[in-house]
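Below: one structure, written as structure tokens.
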Amino acid sequence: MGIKHCCYILYFTLALVTLLQPVRSAEDLQQILPSANETRSLTTCGTYNIIDGCWRGKADWAENRKALADCAQGFAKGTIGGKDGDIYTVTSELDDDVANPKEGTLRFGAAQNRPLWIIFARDMVIRLDRELAINNDKTIDGRGAKVEIINAGFAIYNVKNIIIHNIIMHDIVVNPGGLIKSHDGPPVPRKGSDGDAIGISGGSQIWIDHCSLSKAVDGLIDAKHGSTHFTVSNCLFTQHQYLLLFWDFDERGMLCTVAFNKFTDNVDQRMPNLRHGFVQVVNNNYERWGSYALGGSAGPTILSQGNRFLASDIKKEVVGRYGESAMSESINWNWRSYMDVFENGAIFVPSGVDPVLTPEQNAGMIPAEPGEAVLRLTSSAGVLSCQPGAPC
């Protein structure tokens, strides 16, 4: 049996153990972390993490693009995007008619009411004139081309089942509203955007993977107003102040995963910042944050597992607790650290207790590798250079 098959069996076994456990105590939480022997077995899988190992290394990816839909992990697991629809090819960089976009543009494809797997005919720099409204059941797949999105970002509002893969987004600014195409029918009035690269509001089953994001006026990824079940993985975040803001305005139970990402090159805070909700932050690489790496308010649960935290020479504290009640109540917030690696004096001050997880939380957990493996696991973070006929 080959190494690759052995790795799949190991990951499947770990996932099965996770699903079979109804709740977790402090001891239970340790069970999702590999033992020393399991870690050695995982390392033989090469440079791929559990997500990349599902599809990378295969030369026929261009003929079998939709295999990616079987690879989501974390709380976005089961997200298939446009797998059940046709391939739609973007042939034009233009975005000169946001109310009635022409077929062949990204806006036309994103607005359709049917599932679509959207790809790109060539390298493109698409200057969005207004934010791009993405309809249900879409995959935006930039593999095989260098696709850059500038000026306006993606709006994932009250929709579900979305995959954003291998896209570069930068220099996103505030844009006015107006009549904008968002579905098959006539354009609808939309308010102006606030400068997010990717804005999620009331969305669910969202997977953002292997994207490179930098320099937006507001957040690089903001998820609010009942958004849940999303994963941000294998992305590269650079040159930004406010990166990931995951806020719920009540305790409806936002579930999110941040896995295998790299945060570096002048990043300041919110990686993520969570209000209410539950996040697993697993096997990410944090380098020289400005204010803090992980933050939150209003009693969120943050499980930090197997991450690498390399502090700057100035700021050492990993976490930031905020809100009017932060000083008096944050001691009870469940912010826990397992198998993280702390370099250059980085400090994680935990709080609360090891939480007992619900079955739904259990099912969304990614088995963590030790923090020492992070450089390997995140070595391909950001967009990939993929050529048809060769592995990515």
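The values are calculated or read from the model by the stated rules, or taken from the named source; none is laboratory data. Owing to the predicted nature of the structure, the values given are computational and were not obtained by experimental measurement. Because the Cβ atoms are built from the backbone with ideal geometry, glycine has one as well, and the counts that use them run over all protein chains shown.
Checking residue 179 against (1) assigned to a strand (DSSP E or B); (2) at positive phi: exactly one of these is not met. Which one?
In the conditions (1) assigned to a strand (DSSP E or B); (2) at positive phi, residue 179 misses (2) alone.
When the range 159-176 is examined, which residues are found to be among the β-branched types (Val, Ile, Thr) and either in contact with a Lys or Arg (Cβ under 8 Å, 6 or more places away or on another chain) or not in a strand (DSSP E or B) (or both)?
159, 162, 163, 167, 168, 172, 173, 174
Which residues, counting only those in the range 183-204, are in a loop (DSSP other than H, G, I, E, B) and surrounded by 22 or more Cβ atoms within 10 Å (Cβ to Cβ)?
The initial filter retains those residues of the range 183-204 that are in a loop (DSSP other than H, G, I, E, B), namely 183-187, 191-192, 194-197, 202-203.
Result: 196, 197, 203.
Which of the residues spanning the range 260-279 are farther than 13 Å from residue 232 by Cα and not in a strand (DSSP E or B)?
Within the range 260-279, 264, 265, 266, 270, 276, 277 qualify.
What are the pairs, 6+ residues apart or on separate chains, where a residue within the range 73-84 that is at pLDDT 95 or above has its Cβ under 7 Å from a residue that is among the aliphatic types (A, V, I, L, M) and in a loop (DSSP other than H, G, I, E, B)?
Matching pairs, first to second residue: 73/50; 73/51; 73/366; 74/366; 78/72; 79/72.
Evaluate the following for residue 152: is it small (Gly, Ala, Ser), within 14 Å of residue 93 (Cβ to Cβ) and surrounded by fewer than 19 Cβ atoms within 10 Å (Cβ to Cβ)?
Taking the combined requirement at face value, the residue does not satisfy it.
Restricted to the range 205-232, and to residues that are among the aliphatic types (A, V, I, L, M) and assigned to a loop (DSSP other than H, G, I, E, B), which residue is nearest to residue 145 (Cα to Cα)?
The residue in question is 220.
Of these, 111, 121, 99, 133, which one is out of contact with any helix residue (DSSP H, G or I) (no Cβ under 7 Å at 6 or more places or on another chain) and crowded, with 18+ Cβ neighbours inside 10 Å?
111
Of the conditions (1) closer than 18 Å to residue 244 by Cβ; (2) buried (at least 24 other Cβ atoms within 10 Å of the Cβ); (3) of a type in the set (A, V, I, L, M), residue 147 clears all except one; give me its number.
(1)
Among the residues of the range 304-316, is any under 23 Å from the mean Cα position of the chain (by Cα), within 30 Å of residue 68 (Cα to Cα) and among the small types (Gly, Ala, Ser)?
Checked against the condition, which is being under 23 Å from the mean Cα position of the chain (by Cα), within 30 Å of residue 68 (Cα to Cα) and among the small types (Gly, Ala, Ser), the range 304-316 yields at least one hit.
Would you check if there is a residue in the range 377-384 being free of Cβ contacts under 8 Å to residues at least 12 places away in the same chain and surrounded by fewer than 17 Cβ atoms within 10 Å (Cβ to Cβ)? Lay out the reasoning, then the answer.
Kept after step one, since they are free of Cβ contacts under 8 Å to residues at least 12 places away in the same chain, are these residues of the range 377-384: none.
No: zero hits.
Quick one: residue 148 ticks every box in (1) out of contact with any Lys or Arg (no Cβ under 6 Å at 6 or more places or on another chain); (2) part of a loop (DSSP other than H, G, I, E, B); (3) farther than 17 Å from residue 193 by Cα except a single one, so which number is it?
(2) is the only condition that residue 148 fails.
Could you list, in sequence order, all residues of the range 233-248 that are free of Cβ contacts under 8 Å to residues at least 40 places away in the same chain, buried (at least 24 other Cβ atoms within 10 Å of the Cβ) and either assigned to a strand (DSSP E or B) or among the aromatic types (Phe, Trp, Tyr) (or both)?
237, 240, 244, 246, listed by residue number.
Considering the range 158-181 alone, what residues qualify as being under 26 Å from residue 65 (Cβ atoms) and of a type outside the set (A, V, I, L, M, F, W, C)?
160, 161, 165, 166, 170, 181
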